[in-house]
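Working notes for the structure below.
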Amino acid sequence: MVFFIFLSMASALWGTNQTLILKRTLLIFVPAICLYLLVIRDKNPVDTFWKISKGLTYFGCFVSVIGILLYIFGSNVFTDYGRMQIIKIAGLQIQQSVVGIPPILRISSLSGNPNNLASWLMITLTLTTAQRIAGYISQSKLFFLGGLQATALLLTFSRAGIGTTIIIIALLYLLSARNKMEVIKRTILLILLLSVI
């Protein structure tokens, strides 16, 4: 890691844009080093993983709610940055950029781009499902939290995001089976579902 940091910084010496190279080097390596230090100092990494999963699930729900509310109640305006949906609440203005031709508008919530939102929701939906499989959340909570995120994911109309999320959750469901018979049943079920889709 240290070698790559110095190599990246040294490349600024013969690069055309030294400042940008140094900024990008720090942007990439400083968080990686901090994450590495956090991991090696963590006494209970499994607990940390589930806490972060829970936080990301709530983050996914938060951006989903904002995107859905703006999609339903937001006013459509055109700016220099394209079509935006805006809600003004007591001097506070919340907005999202939307892409597409009405009535099919792709939401982006706070991410600025529908595909970025789909990428976030792919991660948060998977972690929500994993928490249910591990018994950290109830079935009703899965339907509520997962339903919000799934609705927002569908409103992004991101084929790659939706398809990847379906594949990841299907694999998670398959790999969480406890015995061989359950693996066979789940495999048959997933093949049938994928055939219908």
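The values are calculated or read from the model by the stated rules, or taken from the named source; none is laboratory data. All values reported here derive from a predicted model rather than from experimental measurement. For neighbour counting, all protein chains shown are included, and Cβ atoms are generated from backbone atoms with ideal geometry for every residue, glycine included. Each accessible area value is taken on the protein alone, full model and side chains, heavy atoms only, with ligands, DNA and RNA left out. Shrake-Rupley method; radii C 1.70, N 1.55, O 1.52, S 1.80 Å.
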Would you please list the contacts, defined by Cβ atoms under 7 Å and residues six or more apart or on different chains, that run from a residue in the range 58-80 that is closer than 17 Å to Leu121 by Cα and open to solvent by 70 Å² or more (accessible area, probe 1.4 Å) to a residue that is among the hydrophobic types (A, V, I, L, M, F, W, C) and modelled with pLDDT of 90 or more? Leu69/Ile87
May I ask you to verify whether Val30 is out of contact with any Cys (no Cβ under 8 Å at 6 or more places or on another chain), open to solvent by 80 Å² or more (accessible area, probe 1.4 Å) and of a type in the set (A, V, I, L, M)? no
Which members of the range 155-182 meet the condition of being touching a helix residue (DSSP H, G or I) at 6+ places or on another chain (Cβ under 7 Å) and free of Cβ contacts under 8 Å to residues at least 40 places away in the same chain? Ala170, Leu174, Ala177
Just for the range 150-163: of the residues that are farther than 20 Å from Thr57 by Cβ and out of contact with any Gly (no Cβ under 8 Å at 6 or more places or on another chain), which one is surrounded by the most Cβ atoms within 10 Å (Cβ to Cβ)? Gly163
Would you point out the residue of the range 13-24, among those that are among the hydrophobic types (A, V, I, L, M, F, W, C) and under 33 Å from the mean Cα position of the chain (by Cα), that is least open to solvent (accessible area, probe 1.4 Å)? Ile21
Working only within the range 164-184, note down all residues that are surrounded by 13 or more Cβ atoms within 10 Å (Cβ to Cβ) and not β-branched (Val, Ile, Thr). Ala170, Leu172, Tyr173, Leu174, Ser176, Ala177
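Okay, residues lined up against (1) of a type in the set (S, T, N, Q); (2) modelled with pLDDT under 90:
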position	(1), (2)
Asn76	yes, yes
Tyr81	no, yes
Gln93	yes, yes
Ser97	yes, no
Gly100	no, yes
Ile104	no, yes
Leu117	no, no
Using the structure shown, decide if Gln96 is open to solvent by 50 Å² or more (accessible area, probe 1.4 Å) and at negative phi. no
Do the conditions hold for Ile52, that is, is it within 22 Å of the chain's Cα centre (by Cα), among the β-branched types (Val, Ile, Thr) and farther than 24 Å from Phe157 by Cβ? yes
Output yes when any residue across the range 4-19 is assigned to a helix (DSSP H, G or I), in contact with a Pro (Cβ under 9 Å, 6 or more places away or on another chain) and modelled with pLDDT under 90, and no when none is. no
